[in-house]
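What follows is a set of notes on a single structure, which appears directly below.
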Amino acid sequence: MKVDLLIHSAAQLVTCASPGGLKRAAAMADVGLLADGALAVADGEIVAVGPSRELRADFTAAETIDAAGKVVCPGFIDAHTHAVFAGDRLDEFELRLRGATYMEIMAAGGGIASTMRATRAASAAELAAGAAPRLAEMLALGSTTIEVKSGYGLDTASELAMLQAIELLDAGQPADLLPTFLGAHAVPPEYRGRTDEYVALVIDEMLPAVVEWWAGARFKLPGAALFCDVFCEANVFDRAQARRVLQAGQAAGLPAKLHADEFVSLGGVPLAVELGAVSVDHLDVTPPEEFGALAESDTVGVVLPAVNFNLGSTHFANARALIDAGVALALATDINPGSAPCPSLPLVMALACRYQRLLPAEALNAVTLNAAYAVGQGPRLGSLEVGKQADVLVVAAPDYRQLAYQLGGNLVETVIKRGRRVLN
Ligand code: NIG
Ligand code: FE
């Protein structure tokens with residue numbers, strides 16, 4: 001049979017296969033490793049996975065990649081990012097180095113509000129142009145699918161401009177982008193002290209406008225959803241406000257995500273489980289009593305150790321205990337100008353292994369298979385299985401554990417998106 005692409009002779013073909021769905025507990029330590037493995041691709045989809053000898057006999061290919069001495073694995077999925085923003089937070093970085101905390105800076109009108117001011121001043125085209133180099137860097141580091149949130153506009157026109165920028169960026173580069181409406185990211189200065197009124201604006205004005213935009217929006221990934229997210233945190237949005245926004249989003253067809261338990265636990269995890277959220281993210285201070293209900297749900301727990309690292313904290317989400325409790329865990333960068341200016345999922349894997357005691361296999365499943373489910377794309381992305389989209393990396397190392405063992409560099413050599421070589 002003739003195919004478009006045959007990758008063969010991989011020292012390790014790491015499938016991350018999981019025909020049964022989300023990976024939990026012991027399954028997270030299994031990456032589905034095949035020595036001397038091969039992969040065949042036709043029409044952008046994986047048509048065969050198996051031993052090199054067999055696939056080389058069965059297929060002739062328009063293009064062949066000899067992956068001898070290398071790892072071949074699924075493209076990474078960054079399930080939580082704020083990759084579109086204007087300006088920087090360099091002055092706040094220095095303030096933090098001098099001792100101010102993230103929440104103090106936010107309370108004083110900086111933080112998200114400072115990025116909001118720069119973002120409101122930019123057009124959709126300017127926002128897209130500013131974010132394009134970031135996405136290029138993320139792709140080079142292996143991220144082939146990237147969720148991107150709004151949330152620095154905080155008024156209807158500026159939130160729409162952010163979403164339009166995400167749509168422009170999806171069309172303008174190879175990675176698949178999935179948009180998330182995060183109008184409830186912070187209370188903008190003009191609503192200070194009137195959080196409920198701002199929540200009403202999010203629900204009554206922004207959400208319908210966003211839904212109308214989405215009806216006409218075009219994204220490359222078939223079946224891509226528009227998500228709705230809220231920053232549920234002390235002095236930001238409480239649990240009741242988060243519930244109102246997420247339920248309104250769900251009623252309008254937007255699956256829920258939630259920022260919960262980054263600094264203060266407000267019961268965001270039980271709320272996410274109750275609402276059937278696709279993911280609940282951060283989990284830094286989630287009480288262990290809440291792990292069981294999360295484990296019993298299909299809500300993916302997304303932890304973001306680049307945030308803790310960047311904020312100079314020694315406290316990390318208890319990802320080890322979350323996995324052991326049976327939570328389907330994913331890792332993401334949370335790339336944003338304040339709490340995590342980090343484009344690299346391999347660095348996040350390295351941090352998770354060191355500070356959260358994940359094994360390299362668990363970290364890899366957390367940025368592939370489980371991350372695919374965290375963006376509602378489990379059946380289509382996140383593993384090297386027949387029928388899935390051919391998003392594949394060739395890694396310049398013979399052992400997948402090098403991905404988490406090394407830190408600060410980039411072992412990703414070749415990036416294949418929908419069966420096409422898009423880098424190298
Ligand atoms: O996920 N926590 C809220 N939102 C981001 C930070 C955004 C920012 O500081 O600009 C986060 O950490
Ligand atoms: Fe975030």
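Values computed for the structure shown
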item	result
Residue that is nearest to ligand 1 (Cβ to nearest atom) [pool: residues in the stretch 252-266 that are open to solvent by 10 Å² or more (accessible area, probe 1.4 Å) and over 16 Å from residue 226 (Cβ atoms)]	262
The lone exception for residue 272 - which of (1) within 15 Å of ligand 2 (Cβ to nearest atom); (2) without any contact (Cβ under 8 Å) to a residue 60 or more places away in the chain; (3) closer than 25 Å to residue 138 by Cβ it fails	(3)
Which listed residue, of 324, 298, 284, is within 13 Å of ligand 1 (Cβ to nearest atom), surrounded by fewer than 24 Cβ atoms within 10 Å (Cβ to Cβ) and modelled with pLDDT of 95 or more	284
Of all residues in the stretch 305-321 being touching a strand residue (DSSP E or B) at 6+ places or on another chain (Cβ under 6 Å) and under 16 Å from residue 81 (Cα atoms), the one that is nearest to ligand 1 (Cβ to nearest atom)	307
Which numbered condition residue 39 fails, given (1) under 30 Å from residue 231 (Cβ atoms); (2) open to solvent by less than 10 Å² (accessible area, probe 1.4 Å); (3) not hydroxyl-bearing (Ser, Thr, Tyr)	(1)
Residue count for the stretch 60-102, restricted to those that are of a type in the set (Lys, Arg) and outside the structural domain of residue 176 (by TED's automatic domain parsing)	1
All positions within the stretch 45-59 that are open to solvent by 10 Å² or more (accessible area, probe 1.4 Å) and under 25 Å from residue 370 (Cβ atoms)	45, 47, 48, 49
Near pairs, Cβ below 8 angstrom, 6+ apart or cross-chain, from the stretch 249-261 (in the same structural domain as residue 148 (by TED's automatic domain parsing) and over 10 Å from residue 180 (Cβ atoms)) to any residue that is open to solvent by 40 Å² or more (accessible area, probe 1.4 Å) and within 16 Å of ligand 1 (Cβ to nearest atom)	260/266; 261/285
Counted residues, the stretch 141-169 - those being closer than 15 Å to residue 126 by Cα and of a type outside the set (S, T, N, Q)	13
Residue 167 of a type in the set (D, E, K, R) and within 24 Å of residue 109 (Cβ to Cβ)	no
Hits in the stretch 244-263 - residues which are closer than 23 Å to residue 339 by Cα and not hydrophobic (A, V, I, L, M, F, W, C)	257, 259, 261, 262
Counted residues, the stretch 223-251 - those being within 25 Å of residue 381 (Cβ to Cβ) and surrounded by fewer than 18 Cβ atoms within 10 Å (Cβ to Cβ)	2
Count of residues meeting criterion [in contact with a helix residue (DSSP H, G or I) (Cβ under 6 Å, 6 or more places away or on another chain) and within 16 Å of ligand 2 (Cβ to nearest atom)] in the stretch 317-346	9
Of all residues making up the stretch 170-181, the number that are in contact (Cβ under 8 Å) with a residue 60 or more places away in the chain and within 16 Å of ligand 2 (Cβ to nearest atom)	3
Every pair of residues 6+ apart whose Cβ atoms lie under 6 Å, when the first sits in the stretch 314-325 and is at negative phi while the second is basic (Lys, Arg)	320/357
Given (1) in a strand (DSSP E or B); (2) in contact with a Ser or Thr (Cβ under 8 Å, 6 or more places away or on another chain), number of the condition residue 13 does not satisfy	(2)
Residue tally, condition closer than 24 Å to residue 380 by Cβ, open to solvent by less than 40 Å² (accessible area, probe 1.4 Å) and part of a loop (DSSP other than H, G, I, E, B), over the stretch 167-222	5
Residue in the stretch 358-367 that is in a helix (DSSP H, G or I) and within 16 Å of ligand 2 (Cβ to nearest atom) present	no
Selection within the stretch 389-418 - part of a loop (DSSP other than H, G, I, E, B) and surrounded by fewer than 22 Cβ atoms within 10 Å (Cβ to Cβ)	396, 397, 398, 399, 401, 406, 407, 408, 409, 410, 411, 418
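The values are calculated or read from the model by the stated rules, or taken from the named source; none is laboratory data. Everything numeric here is computed off the predicted structure, so don't read it as measured data. Glycine gets a Cβ as well: all are built from the backbone with ideal geometry, and neighbour counts include every protein chain shown. Heads up: the accessible areas ignore ligands, DNA and RNA and are worked out on the full protein's heavy atoms, side chains in. Shrake-Rupley method; radii C 1.70, N 1.55, O 1.52, S 1.80 Å.
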